[in-house]
1. Within segment 1-9, is even one residue of a type in the set (A, V, I, L, M), touching a residue at least 24 places away in the same chain (Cβ under 8 Å) and more than 26 Å from Ala91 (Cα to Cα)?
2. With (1) in contact with a Pro (Cβ under 9 Å, 6 or more places away or on another chain); (2) at pLDDT below 95; (3) under 16 Å from Val164 (Cβ atoms) as the list, and Gly8 as the residue in question, which single condition is left unmet?
3. Within segment 43-62, does at least one residue satisfy the condition of being surrounded by fewer than 15 Cβ atoms within 10 Å (Cβ to Cβ), touching a helix residue (DSSP H, G or I) at 6+ places or on another chain (Cβ under 9 Å), within 20 Å of Ser153 (Cβ to Cβ) and at pLDDT below 95?
4. Of everything in segment 183-236 that's of a type in the set (Phe, Trp, Tyr) and either outside any helix (DSSP H, G or I) or assigned by TED's automatic domain parsing to the domain that holds Ile76 (or both), which residue is modelled with the highest pLDDT?
5. Among the listed residues Phe94, Phe109, Phe120, which satisfies the condition of being among the aromatic types (Phe, Trp, Tyr), out of contact with any Gly (no Cβ under 6 Å at 6 or more places or on another chain) and crowded, with 22+ Cβ neighbours inside 10 Å?
6. Identify all residues within segment 42-95 that are under 14 Å from Ile170 (Cα atoms) and hydroxyl-bearing (Ser, Thr, Tyr); write none if there are none.
7. In this structure, does Ser61 turn out to be free of Cβ contacts under 8 Å to residues at least 12 places away in the same chain and under 17 Å from the mean Cα position of the chain (by Cα)?
8. Hey, could you check segment 163-181 for residues that are in contact with a strand residue (DSSP E or B) (Cβ under 8 Å, 6 or more places away or on another chain) and among the small types (Gly, Ala, Ser) and say which is surrounded by the most Cβ atoms within 10 Å (Cβ to Cβ)?
Amino acid sequence: MIPIIIAGGDEAGRGAVLGPIVVSIVSISKGKEAKLARIGVRDSKMLTRKKRSFLYDEIYSIADEVKVYKIESAEINEAMKNKVSINELEALNFAKLIDSLEKQPGCIFLDSPDVISERFGLRVSLFSKKPMLVKGIKAERREREAMPIKMVSEHKADSRYPVVSGASIIAKVTRDAEIEKMEEDLGIEIGSGYPSDKYTIEAIRKSLGDGTLNGRLREYWKTLKYIRQRRIDEFL
């Protein structure tokens, strides 16, 4: 009997002002899904850094496939310059990861960033080369006849489905490693990369003077606009 494969997708770094957005897909045989919950896999935001690191390796050992893509700041800036939304950019890269899976899953669960959760799943399905039926979206007849993947796009899927929680952990640990590498390469402390982090804001302020973070900042973020405006005001 061919095992039923399910997959889950999530991201990390969406709200940051520097560093990548990391998107991840975890694909696993349905019979192994319960093992993810047993070892403590849950939404990455509810776990300590140490626990996430431990689970990262465990997820890789249990999963059939793990796919990761880092959407770097340059790609984000180019997309926003061309009026491509972050939702569209994420959907495009989730679709690419799904298309790269060697074993086609019967069902994919995605944590939706869209206000209308089903709309994100629809975007992914339109970008993907694989036939999909999106839960909550009426399908055309030809799609119903094509042995499609069932797509479930929901808010807070990372706290409902262990396979999405697994993808959340993979994405978060990968992004944290990228931020650490950036700090090592630059020789400065940049914190988490989020606007709420004082170290991140201080690093950005310094960079506006010496260009340290050139190419790594999300140029169209409101946070960056606000910091630039404050610097101008200081000289008035």
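1. The initial filter retains those residues of segment 1-9 that are of a type in the set (A, V, I, L, M), namely 1-2, 4-7.
Those left that are additionally touching a residue at least 24 places away in the same chain (Cβ under 8 Å): 4-7.
Okay, now just the ones that are also more than 26 Å from Ala91 (Cα to Cα), so none.
Within segment 1-9 (the criterion being of a type in the set (A, V, I, L, M), touching a residue at least 24 places away in the same chain (Cβ under 8 Å) and more than 26 Å from Ala91 (Cα to Cα)), the answer is no, since none of the residues qualifies.
2. Answer for Gly8: the failing condition is (2).
3. yes
4. Taking segment 183-236 first, the residues of a type in the set (Phe, Trp, Tyr) are 194, 199, 220-221, 226, 235.
Now narrow it down to the ones that are either outside any helix (DSSP H, G or I) or assigned by TED's automatic domain parsing to the domain that holds Ile76 (or both): 194, 220-221, 235.
Working: Tyr194: 93, Tyr220: 86, Trp221: 83, Phe235: 35.
So the residue we want is Tyr194.
5. Values: Phe94 fails: out of contact with any Gly (no Cβ under 6 Å at 6 or more places or on another chain); Phe109 fails: out of contact with any Gly (no Cβ under 6 Å at 6 or more places or on another chain).
It is Phe120.
6. Matches in segment 42-95: Ser44, Thr48, Ser53, Tyr56, Tyr60, Ser61, Tyr69.
7. Details: free of Cβ contacts under 8 Å to residues at least 12 places away in the same chain: yes; under 17 Å from the mean Cα position of the chain (by Cα): no.
No: the conditions fail for Ser61.
8. Filtering first and then ranking leaves Ala167.
The values are calculated or read from the model by the stated rules, or taken from the named source; none is laboratory data. For clarity, every value in this text was computed on a predicted model and none was experimentally measured. Cβ: placed from backbone, ideal geometry, glycine included. Neighbour counts: every protein chain shown.
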